[in-house]
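Enquirer: One structure, pasted below without further comment.
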Amino acid sequence: MTLHRDDLRVRELGECRYDSPMAGLLTAKQTSPHYVAEGDRVLLEDTVSMLAEHDRPSVEAASFEAAGPRRRIYFRPEGVTAGIVTCGGLCPGLNNVIRGLVQELTVHYGVERILGFRNGLEGLTAARVDDTVELTLDDVRDIQNSGGTILGSSRGGHDPDEMVDSLVSRGVDMLFVVGGDGGMRAATCISTAIRARGLDIAVIGVPKTIDNDLPFTDQSFGFQSAFARATEFITAVAVEAAASRDGVGIVKLMGRHSGFIASYAALASSLADIVLIPEVPFALDGDDGLLAHVERHVRTAGHVVIVLAEGAGQDLLAEHPVAGSATDASGNVRLGDVAELLRERVGTHLTDAGLAPTIRYIDPSYAIRSVAANAYDSVYCLRLAHAAVHAAMAGRTEAAVARWRRRFVHVPLTLMTSRRNQVDPNGDMWLSVLEATCQPAGFGAAGAHPLHAGFC
């Protein structure tokens, strides 16, 4: 996908006519290694070779608008009604974002009316017209110490025009949508319906995904908390596997299409012997297949620890279609349970090879996504919330706030769902996984080749 500067342009509702309450903090601000001035932009690409391919001056290169407060703003703060909705699956940091939004709107901009729509986008439907709460500083005090979201969440799309009717009836001037790819798609649809009616309602997305699979962001909030928690379960299953003769430990982690949590958790724990992710196909059978490698590792080390992303090896389940609907309420393809297949095939293979395997299996998904944000994500969520409020007050709309190349930027909502962020099998992070585990690159799949002959 080749992007140009116009592709990264963020829509504005109109001229910013009001002095910002934040203007006094910006008097002497200029671009530095630690700050991007409001008129400056952040380059999309960061290597000389990639920039050279376009053969354009840097001022014409693809770049994002910098996030942050502006000296002049579009909305008169004391007349604003803001709305907040959290969508999709749970993720560490949701309460932090809610708290940050309410604090910034109230304390620094003087907004007096902030509505929280309960139970996700359902709260914007006509049937849930009473499912709205007013949020004050007292309501959000200390909520960052709890996992989940005080507003509740849900999956599934709803009629955009009905949701816009709900915003209009409540007098909402700006809507903050905190969600993953489904939430960003919904925010885009709502924005389109708003634009079709010629309404002055800003829609700003705060992208979250525990899988870290949204594009154009260095890292999704909650991701660090998630993989840090996941390492605890890898440690637990490793202890169990090591305590049993011919022990096999399997941990299934989140990662429908992207193996970031499995990869980072494996690197952090230093206990994984095999990491399986959706981006790297593998074969079960054959001398170079996964089962043969597991057998060799058990015979050599006495046990083996496998970290499995939930979306890995789906091609192996072609003969075992998932019962029921092919998609969930958010339109995501329902996955087969590769862990069940793996447990069965590994157990059978090792038994047939004359070993006596003891298999310990953990699926800690809910225990991971429901925890409170760690210190890193707490800071990250707060700064994203600040950036979202600044964007909305300055009349930006149909945009998400994200961090790109360590800088906070505005990203058009359509780009947030234009593709999926995935582990690059040829990238340096996956190379680190291969180095740490000493596993072959692919386990007998087409084009795979062994990285090491032995075991770590």
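The values are calculated or read from the model by the stated rules, or taken from the named source; none is laboratory data. This structure is a prediction, so every number in the text was calculated from the model and none was measured. Cβ sites come from the backbone with ideal geometry, for glycine too, and all protein chains shown count toward neighbours. These accessible areas exclude ligands, DNA and RNA; they are computed on the full protein's heavy atoms, side chains included. Shrake-Rupley method; radii C 1.70, N 1.55, O 1.52, S 1.80 Å.
Enquirer: What number of residues in the stretch 208-242 are over 16 Å from Ser263 (Cβ atoms) and among the aromatic types (Phe, Trp, Tyr)?
Expert: 2
Enquirer: Here's a follow-up. Restricting to the stretch 17-51, and then to whatever is touching a helix residue (DSSP H, G or I) at 6+ places or on another chain (Cβ under 9 Å) and of a type outside the set (Gly, Ala, Ser), can you tell me which residue is nearest to Ile201 (Cα to Cα)?
Expert: Tyr18
Enquirer: Output the residues belonging to the stretch 186-212 that are in a loop (DSSP other than H, G, I, E, B) and either surrounded by fewer than 24 Cβ atoms within 10 Å (Cβ to Cβ) or free of Cβ contacts under 8 Å to residues at least 60 places away in the same chain (or both).
Expert: Gly198, Leu199, Asp200, Ile201, Asp211
Enquirer: Check the stretch 59-77 and report whether any residue there is open to solvent by 70 Å² or more (accessible area, probe 1.4 Å) and modelled with pLDDT under 90.
Expert: Yes, that holds for at least one residue.
Enquirer: On the given criteria, is Thr86 polar (S, T, N, Q) and open to solvent by less than 50 Å² (accessible area, probe 1.4 Å)?
Expert: The answer is yes for Thr86.
Enquirer: Also: Please tell me if Leu94 is aliphatic (A, V, I, L, M), under 30 Å from Leu137 (Cα atoms) and exposed (fewer than 14 other Cβ atoms within 10 Å of the Cβ).
Expert: Details: aliphatic (A, V, I, L, M): yes; under 30 Å from Leu137 (Cα atoms): yes; exposed (fewer than 14 other Cβ atoms within 10 Å of the Cβ): no.
Answer is no for this residue.
Enquirer: I'm trying to understand the selection: among the residues of the stretch 19-41, which are open to solvent by less than 70 Å² (accessible area, probe 1.4 Å), out of contact with any Asp or Glu (no Cβ under 8 Å at 6 or more places or on another chain) and in a strand (DSSP E or B)?
Expert: Across the stretch 19-41, the qualifying residues are Ser32, Tyr35.
Enquirer: Which one is nearest to Ala82 (Cα to Cα) among residues in the stretch 120-158 that are in contact with an Asp or Glu (Cβ under 9 Å, 6 or more places away or on another chain) and either exposed (fewer than 15 other Cβ atoms within 10 Å of the Cβ) or without any contact (Cβ under 8 Å) to a residue 24 or more places away in the chain (or both)?
Expert: It comes out as Val133.
Enquirer: If only one of Asp46, Asp6 is out of contact with any Gly (no Cβ under 8 Å at 6 or more places or on another chain) and exposed (fewer than 10 other Cβ atoms within 10 Å of the Cβ), which one is it? If you could, list the steps in order and put the result at the bottom.
Expert: Details: Asp46 fails: exposed (fewer than 10 other Cβ atoms within 10 Å of the Cβ).
Selected residue: Asp6, the only one of Asp46, Asp6 that is out of contact with any Gly (no Cβ under 8 Å at 6 or more places or on another chain) and exposed (fewer than 10 other Cβ atoms within 10 Å of the Cβ).
Enquirer: Could you run through the stretch 416-426 and say how many residues are open to solvent by 20 Å² or more (accessible area, probe 1.4 Å) and under 30 Å from Arg9 (Cβ atoms)? Break it down into steps so the answer makes sense when it comes.
Expert: Initially, the stretch 416-426 is screened for residues open to solvent by 20 Å² or more (accessible area, probe 1.4 Å), giving 417-422, 424-426.
When the remaining residues are screened for being under 30 Å from Arg9 (Cβ atoms), the result is 417-422, 424.
Total meeting the criteria: 7.
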